[in-house]
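Heads up: the structure comes next, in structure tokens.
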Amino acid sequence: MIEEAPVILCGFPSPAEDYKEDVLDFNEFLETNRPSVYALRARGYSMIGAGIYPGDIIIVDKAKEPSHGSIIVASVDGYFTLKRLLTAPSVVLHAENPDYEDIHLSSLEELQVFGTVTGIVRKL
């Protein structure tokens, strides 16, 4: 009867072996597999202070309720924008770039929120 020999790996041991994780599923990580989630491509420079640059893909969840400080996709009187929502002391759509003005909403303007940003994807 022949005994099976112990196994030995060839090459150099990798220090990364200690940090090995499961396969990363981007759909799971970004939660894009939910019907309320969609993606848009950012254009413009008004949100660079929040780390959103032209060409970035933003992940938006239309089911997530926005709160003070959320970055939202909104429409003001039919014009779409991506801004940070500030709710106190009044409703303001804040640009994260000092070269752009905030949108201060009056009672005559109609604000529709189309979702809250939950992630950003950027190619280097």
*Virtual spin-label span in nm between Arg34 and Ala63, 7 Å along Cα→Cβ*: 0.6
*asked:* Bins of 5 Å, beginning at zero and ending with the bin holding the largest distance: percent of Cα pairs per bin for region 36-121, please.
replied: 3, 15, 27, 28, 19, 7, 1, 0
*May I ask you to derive the relative contact order of region 36-121, considering only C-alpha pairs under 8 Å and at least 6 residues apart, and to give it as an integer percent?*
33
_Added length on full extension, which subtracts the Cα-Cα distance from 0.36 nm per residue, Ser90 to Thr118_ = 7.7 nm
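Coordinate-derived values only; no laboratory data. Owing to the predicted nature of the structure, the values given are computational and were not obtained by experimental measurement. Virtual Cβ from ideal backbone geometry, glycine too; neighbours counted across all protein chains shown.
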